[in-house]
Amino acid sequence: MVTWMIDTYGTEAQRSKWVPILASMEKLGSYCLTEPGSGSDAASLSTTARREGNKFILNGSKAFISGAGATDVYLVMCRTGGQGPKGISCLLIEKGSKGLHFGKKENKMGWNSQPTRAVIFEDCEVPVENIIGVEGQGFNIAMSGLNGGRINIASTSLGAAGHSLQIAKEHLKVRKQFGRPLADTQHNQFQLAQMATKLVASRAMVRNAARAVDSKHADTVALCSMAKLFATDNCFDIVNTALQMHGGYGYLKDYPIEQFLRDIRVNQILEGTNQVMQILISRSVLAQ
């Protein structure tokens with residue numbers, strides 16, 4: 001996501017410096033938009049960047065930042081102008097910059113393979129040449145980045161749901177109750193059919209949204225929102241049903257499904273809540 005944003009909106013110097021090492025994962029980046037007081041209402045963010053000569057001075061904080069403290073570069077949406085989206089710019093900040101600090105590692109329900117922390121700016125100094133795009137373009141850059149981010153999040157849900165379906169299928173074949181395999185029970189067969197259908201439909205919507213991003217389709221925002229909404233909701237249902245099929249065993253950490261459930265629950269919140277996705281979709285429908 002960070003790599004795409006630099007590659008799309010950055011200068012030639014920024015692209016040549018950062019894209020190769022980020023694309024190869026030699027270095028990692030974090031996207032910094034959410035704040036303690038502005039989540040879904042991202043345009044009300046309050047982190048400020050005041051220009052002083054050849055540098056910006058940042059003050060404020062970001063919340064729930066994936067990879068914070070462990071990643072190497074941070075794309076930060078901050079206010080360089082007046083209120084509203086047109087006053088927001090995007091700055092690239094390297095780890096180790098003066099005035100850049102991190103909060104405690106959050107103790108999360110899932111997604112424990114990566115740290116999540118607050119990112120704190122206390123008179124953080126950033127060279128003027130680190131601006132991505134131009135002043136006042138930051139909100140549009142952030143929103144376009146979220147299109148790809150929503151596809152990424154939906155794709156992780158697809159992976160968890162697909163594996164959960166396979167595990168559940170094998171479990172139903174070998175687990176016996178009342179003298180026969182659970183797979184012989186019509187109720188379980190119908191549930192498997194629903195799970196498989198939801199998975200295929202979700203995958204198709206995510207791929208369609210990815211094509212829309214690549215082709216710069218006019219309805220990209222709506223299509224990405226639809227894919228994220230549909231896939232994360234339905235894939236969570238698939239994993240939850242797979243856990244239920246395992247009975248008490250599904251609740252144990254000896255089995256992987258409980259981790260899948262914890263990990264993908266946040267996908268209905270990340271990159272815009274699914275309630276916000278419905279706002280974006282309905283706005284597109286009403287505008288046509």
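Between the listed residues PRO181, ALA168, ALA193, the Cα displaced farthest toward the positive end of the dipole of segment 110-239, a dipole computed from Cβ unit charges relative to the Cα centre, is found at PRO181. Normalised per residue, the accessible area of the chain is 51 Å², obtained with a 1.4 Å probe and no contribution from ligands, DNA or RNA. Between the alpha-carbon centres of segment 69-117 and segment 193-266 there is a gap of 27 Å. Once you reduce segment 150-181 and segment 23-64 to the center of their Cα atoms, the two points are 38 Å from each other.
Taking a ≥ b ≥ c as the square roots of the eigenvalues of the Cα gyration tensor of segment 1-65, is the shape rounded (a/c under 1.5), prolate (a/b larger than b/c) or oblate? It comes out oblate by the Cα gyration axes.
Each Cα pair under 8 Å and six or more residues apart adds its separation to the average, and for the chain the resulting relative contact order is 16 percent. Take every pair of alpha-carbon atoms less than 8 Å apart whose residues are at least six positions apart; their mean separation over the length of segment 89-146 yields a relative contact order of 50 percent. Which of the three applies to segment 6-118, rounded, prolate or oblate, going by the alpha-carbon gyration tensor with a ≥ b ≥ c and a/c under 1.5 meaning rounded? Since a/c reaches 1.5 but b/c is at least a/b, the shape of segment 6-118 is classed as oblate. Remark: for residue pairs LYS86/LYS108; LYS86/LYS216; LYS105/LYS198, the C-alpha separation exceeds 26 Å in LYS86/LYS108; LYS105/LYS198. Site pair ILE269 and GLN189 shows an inter-label distance of 4.0 nm when each label is modelled 7 Å from Cα along Cα→Cβ. Counting only protein heavy atoms and a 1.4 Å probe, tell me what percentage of segment 1-87's accessible area is made up of carbon and sulfur. It is 53 percent, rounded to a whole number. Based solely on its DSSP helices, what 222 nm [θ] is calculated for the chain when runs of n ≥ 4 H residues each add -39,500 (n - 2.57) and the sum is averaged over all residues, nearest 500 deg cm²/dmol? The helix-only estimate for the chain comes to -16000 deg cm²/dmol at 222 nm. Overall, segment 94-154 carries a charge dipole of about 480 debye about its Cα centre when +1 sits on the Cβ of Lys and Arg and -1 on the Cβ of Asp and Glu, all other atoms neutral.
Using Cβ point charges alone (K and R +1, D and E -1), the dipole size of the chain about the Cα centre works out to roughly 600 debye. Pull out a ≥ b ≥ c, the square roots of the eigenvalues of the alpha-carbon gyration tensor of the chain, then state rounded if a/c is under 1.5, prolate if not and a/b is larger than b/c, and oblate in the remaining case. Prolate, because a/c is 1.5 or more and a/b exceeds b/c. Calculate what fraction, in whole %, of the accessible area of segment 139-288 sits on carbon and sulfur atoms when a 1.4 Å probe is rolled over the protein chains. Whole-percent figure for carbon plus sulfur exposure: 56.
Based on Cα contacts under 8 Å between residues 6+ apart, segment 176-288 shows a relative contact order of 25 percent.
The values are calculated or read from the model by the stated rules, or taken from the named source; none is laboratory data. Just so it is clear, the structure is predicted and the values come from calculations on it, not from any experiment. Glycine gets a Cβ as well: all are built from the backbone with ideal geometry, and neighbour counts include every protein chain shown. Heads up: the accessible areas ignore ligands, DNA and RNA and are worked out on the full protein's heavy atoms, side chains in. Shrake-Rupley method; radii C 1.70, N 1.55, O 1.52, S 1.80 Å.
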